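S.K.: Attaching a single structure in structure tokens format; questions to follow.
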Amino acid sequence: MRTHYCGTIRTEQIGETVTLCGWIDRRRDLGGVIFLHLRDRSGSVQFVSDPVRTPDSYHLAETLRSEYVVKITGKVYRRPEESLNSRIPTGEIEVYAEQIEVLNRVQKQLPFQVSASEDETSVREDLRLKYRYLDLRRERMSANLHLRHQVIKTIRRFLEDKFNFIEIETPILTRSTPEGARDFILPSRVNLGEWFALPQSPQLFKQLLMVSGFDRYYQIARCFRDEDLRADRQPEFTQLDMEMSFMDQEEIMDLNEELICQIFKEIKHLEIPRPFPRLTYAEAMDSYGCDKPDTRFDLKLVNVSDLFKDSQFKVFSGAIASGGIVKILPIPGGNQTISNVRIKPGGNLFKEANEAGAKGLAYIRVLENNEIDTIGAIKDSLTPESKQQLLTITGAKPGDLLLFGAGNAAMVNKTLDRLRLVIGRELGLINDEQVNLLWVTDFPMFEWNADEKRLEAIHHPFTAPHPDDLSDLTTARAQAYDIVYNGTEVGGGSVRIHQREIQEQVFTAIGLSPEEAHDKFGFLLEAFDYGTPPHGGIAYGIDRLVMLLAGEESIRDVIAFPKTQQARCPLTNAPASVDAKQLKDLEVISTYKPKAE
């Protein structure tokens, strides 16, 4: 039906007759000359119709409206000099419409304007999601999905053509296993009373593929987690899943650095220097208060617990005596930019700290001659020597502001990390064009789950402990590595356990009895008895990575048909009730009772 895509016509086609299909983006009638902008997924091109040069199409051109689906045939001309448009790829040419065929009309009023000339940010998200097929016609969303395609295409070509990876699909219907987020579960009609789960990741299957001898596997995998949603989370999401045999941690990280560099070269036309910087988990938590630090700016936390452990200021010394810490976020020039009103109750920085769990926000202002301004209790607790030591440790100078966090380590780190990001953004310290990639390594194997009174794996229970820490797995470091892009974790992986006895020790450490371990993971443990190679892997959140590359703030804007933050699909109105017969066939009954109004 067509000879070209709309966005591909260039000066090389001048003089040719072309046939294009698409949607009317907009129509302008300039008193005898009608300009039509025709759009498809490749872009748009300008058609011209007038009663003299194109009499066969003119009267039909008068009737066309936005989003009509049409087929237009015409000859390509160079635009007049005064009409050249350097903002679009087809801005040097126009096509005189000799024939127009209307393939379909718009029968109802559009819920919002689709045209590229309209402000795309003015439409409510719920309306965009309800009419997603219209939203996807818009320039921004079309560009995002094209970018997503290019990222996945780059990944496939890199892994298959350069490193001999093979793509293998793993099951969507599997069994529910402990650890991680909540599973989506489905009843089995054939095996009544038993349940499938949708996979949170292909973790166990990809390890079994290593046992099977497929030493370089990858998959663009669909994954499912029934968890609370945020801007960068969805109940169903896509990840690049990889697993490799006979490669150690350094080799896996080196290959993945090369992959990331290839993506940035193809998509952003950037050469990313290698090797990527590295921080251990302990270093990241100590300096930034989080395990995915944004290193585009240099505000770092300073631990001053040793200085205040015997302080007369009981808020600080009491926190340390209870096993907590005292840290400072130094802010150069903060005296001029951050007022006391913002730090005290009611202020926006106090609110940020309070939402992270802090009860208050202590501070010190450094004045001329290294004098300090703070509340009396802190000032009185500092001797001249300890005051000087504090200024030396923090590198503080006159005009600087010191913000304190005191309490348990998790709360202090969360509070100061949150303040660091807010203040860094506010002071213009973050360059949005900058790309900082780094590895965070040497995570602890486990963390304490206070609710369940047991250890749980920080990544997952199949991560191998550091060889130097095998004597006590409860305090062991993991051979795990996360890749962080401008303060967002986009990928995480580890060397896996490949020996049955170590895997059983890990199951014991997280509180699984031998019987429970066999019931849940017996198939994996048995596979380890048949010659399992050393292996490891990594998984990337495709949605999150594309979101960052596209400069979007929500992964919903890089997914064709996403769910809302209430885990609903406004387009199809899913989830929805099902027929009673379907439930009867499954021997399932709902116990849900709507709350009374």
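The values are calculated or read from the model by the stated rules, or taken from the named source; none is laboratory data. Keep in mind it's a predicted model, so treat the numbers as computed, not measured. Methodologically, a virtual Cβ is constructed for each residue, glycine included, from the backbone with ideal geometry; neighbour enumeration extends over all protein chains shown. For accessibility, only protein heavy atoms count, side chains too; no ligands or nucleic acids. Shrake-Rupley method; radii C 1.70, N 1.55, O 1.52, S 1.80 Å.
Residue-by-condition table, conditions (1) open to solvent by 10 Å² or more (accessible area, probe 1.4 Å); (2) free of Cβ contacts under 8 Å to residues at least 60 places away in the same chain; (3) touching a strand residue (DSSP E or B) at 6+ places or on another chain (Cβ under 8 Å):
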residue	(1), (2), (3)
R39	yes, no, yes
V45	no, yes, yes
S49	no, yes, yes
T54	no, yes, yes
E82	yes, yes, no
S86	yes, yes, no
P89	yes, no, yes
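S.K.: Then there is this: With under 30 Å from S513 (Cβ atoms) and either basic (K, R) or in contact with a Gly (Cβ under 7 Å, 6 or more places away or on another chain) (or both) as the only criterion, which of R175, R105 stands out?
M.R.: Only one candidate qualifies: R175.
S.K.: Considering only residues that are open to solvent by 20 Å² or more (accessible area, probe 1.4 Å) and touching a residue at least 24 places away in the same chain (Cβ under 8 Å), look in the stretch 349-358 and name the one that is farthest from the chain's Cα centre (by Cα).
M.R.: Checked the stretch 349-358; the qualifying residue farthest from the chain's Cα centre (by Cα) is G357.
S.K.: Hey, does the stretch 567-586 have a residue that's assigned to a loop (DSSP other than H, G, I, E, B), out of contact with any Leu (no Cβ under 9 Å at 6 or more places or on another chain) and small (G, A, S)?
M.R.: yes
S.K.: Have a look at F246, F264, F297 and point out the one that is of a type in the set (F, W, Y), closer than 30 Å to L145 by Cα and either surrounded by fewer than 16 Cβ atoms within 10 Å (Cβ to Cβ) or modelled with pLDDT of 95 or more (or both).
M.R.: F264
S.K.: I would also like to ask the following. Quick one: count up the residues across the stretch 454-475 that are out of contact with any Phe, Trp or Tyr (no Cβ under 8 Å at 6 or more places or on another chain) and small (G, A, S).
M.R.: 2
S.K.: List every residue pair whose Cβ atoms sit under 9 Å apart, with the two residues 6 or more apart in sequence or on different chains, where the first one lies in the stretch 99-122 and is of a type in the set (D, E) and the second, anywhere, is assigned to a loop (DSSP other than H, G, I, E, B) and open to solvent by 40 Å² or more (accessible area, probe 1.4 Å).
M.R.: Qualifying pairs under 9 Å: D119/Q113.
S.K.: From the residues in the stretch 552-597 that are surrounded by 14 or more Cβ atoms within 10 Å (Cβ to Cβ) and free of Cβ contacts under 8 Å to residues at least 12 places away in the same chain, which one is farthest from L134 (Cα to Cα)?
M.R.: For the stretch 552-597, the residue satisfying everything is L583.
S.K.: Out of the residues in the stretch 360-381 meeting the condition of being touching a residue at least 60 places away in the same chain (Cβ under 8 Å) and of a type outside the set (D, E, K, R), tell me which one is least open to solvent (accessible area, probe 1.4 Å).
M.R.: Here the answer is I378.
S.K.: Continuing with the same structure: All but one of (1) touching an Asp or Glu at 6+ places or on another chain (Cβ under 9 Å); (2) within 30 Å of R189 (Cβ to Cβ); (3) at pLDDT below 95 hold for D579, so report the exception by its number.
M.R.: Looking at each condition in turn, D579 falls short on (1).
S.K.: Considering the stretch 213-225 alone, what residues qualify as being within 24 Å of F196 (Cα to Cα) and of a type in the set (S, T, Y)?
M.R.: Y218 - this is the single residue of the stretch 213-225 that is within 24 Å of F196 (Cα to Cα) and of a type in the set (S, T, Y).
S.K.: Among the residues in the stretch 514-526, are any modelled with pLDDT under 95, surrounded by 14 or more Cβ atoms within 10 Å (Cβ to Cβ) and among the charged types (D, E, K, R)?
M.R.: Checking the stretch 514-526: at least one residue is modelled with pLDDT under 95, surrounded by 14 or more Cβ atoms within 10 Å (Cβ to Cβ) and among the charged types (D, E, K, R).
S.K.: Looking only at residues in the stretch 1-22 that are more than 16 Å from A97 (Cβ to Cβ) and of a type in the set (D, E, K, R), which one is most open to solvent (accessible area, probe 1.4 Å)?
M.R.: Ranking the qualifying residues of the stretch 1-22, first place goes to E12.
S.K.: Look at the stretch 202-237 and say how many of its residues are open to solvent by less than 20 Å² (accessible area, probe 1.4 Å), touching a strand residue (DSSP E or B) at 6+ places or on another chain (Cβ under 9 Å) and more than 19 Å from H460 (Cβ to Cβ).
M.R.: Qualifying residue count for the region: 1.
S.K.: Hey, another quick one. If a residue must be farther than 18 Å from P575 by Cβ, out of contact with any Asp or Glu (no Cβ under 6 Å at 6 or more places or on another chain) and touching a residue at least 12 places away in the same chain (Cβ under 8 Å), how many such residues does the stretch 174-197 contain?
M.R.: Result for the stretch 174-197: 7.
S.K.: Then there is this: What are the residues in the stretch 146-173 that are among the hydrophobic types (A, V, I, L, M, F, W, C) and either free of Cβ contacts under 8 Å to residues at least 60 places away in the same chain or in contact with a helix residue (DSSP H, G or I) (Cβ under 6 Å, 6 or more places away or on another chain) (or both), if any?
M.R.: Of everything in the stretch 146-173, those that are among the hydrophobic types (A, V, I, L, M, F, W, C) and either free of Cβ contacts under 8 Å to residues at least 60 places away in the same chain or in contact with a helix residue (DSSP H, G or I) (Cβ under 6 Å, 6 or more places away or on another chain) (or both) turn out to be L147, V151, F158, F165, I166, I168, I172, L173.
S.K.: Considering only residues that are part of a loop (DSSP other than H, G, I, E, B) and touching a strand residue (DSSP E or B) at 6+ places or on another chain (Cβ under 6 Å), look in the stretch 470-497 and name the one that is most open to solvent (accessible area, probe 1.4 Å).
M.R.: Applying the filter and picking the extreme gives Q479.
S.K.: Name the residues in the stretch 135-169 that are outside any helix (DSSP H, G or I) and either among the hydroxyl-bearing types (S, T, Y) or surrounded by fewer than 14 Cβ atoms within 10 Å (Cβ to Cβ) (or both), would you?
M.R.: N164, I166, E167, E169
S.K.: What are the residues in the stretch 170-187 that are in a loop (DSSP other than H, G, I, E, B) and either modelled with pLDDT of 95 or more or within 21 Å of I220 (Cβ to Cβ) (or both), if any?
M.R.: If the condition is that a residue be in a loop (DSSP other than H, G, I, E, B) and either modelled with pLDDT of 95 or more or within 21 Å of I220 (Cβ to Cβ) (or both), then T170, P171, I172, L173, G180, A181, F184 are the ones that fit.
S.K.: Kindly evaluate G541 against the criterion of being open to solvent by 20 Å² or more (accessible area, probe 1.4 Å) and at pLDDT 95 or above.
M.R.: When the stated conditions are applied, G541 passes them.
S.K.: Select from the stretch 108-134 the residues that are surrounded by fewer than 16 Cβ atoms within 10 Å (Cβ to Cβ) and assigned to a helix (DSSP H, G or I) and write down the one among them that is modelled with the lowest pLDDT.
M.R.: That would be T121.
S.K.: Does the stretch 64-79 include one or more residues that are assigned to a strand (DSSP E or B), farther than 21 Å from E16 by Cα, aliphatic (A, V, I, L, M) and in contact with a strand residue (DSSP E or B) (Cβ under 8 Å, 6 or more places away or on another chain)?
M.R.: yes
S.K.: Checking L549 against (1) in contact with a Leu (Cβ under 8 Å, 6 or more places away or on another chain); (2) open to solvent by less than 10 Å² (accessible area, probe 1.4 Å); (3) under 19 Å from Q203 (Cβ atoms), which single condition isn't satisfied?
M.R.: (3)
S.K.: Here's another thing I want to ask about it. List the strands (runs of 3 or more DSSP E) that sit entirely inside the stretch 417-458 and contain at least 1 residues that are touching a Leu at 6+ places or on another chain (Cβ under 8 Å) and surrounded by fewer than 18 Cβ atoms within 10 Å (Cβ to Cβ).
M.R.: 446-449
S.K.: Further, regarding this structure: Out of all the residues in the stretch 309-329, which are in a strand (DSSP E or B) and open to solvent by less than 20 Å² (accessible area, probe 1.4 Å)?
M.R.: V326, K327, I328, L329
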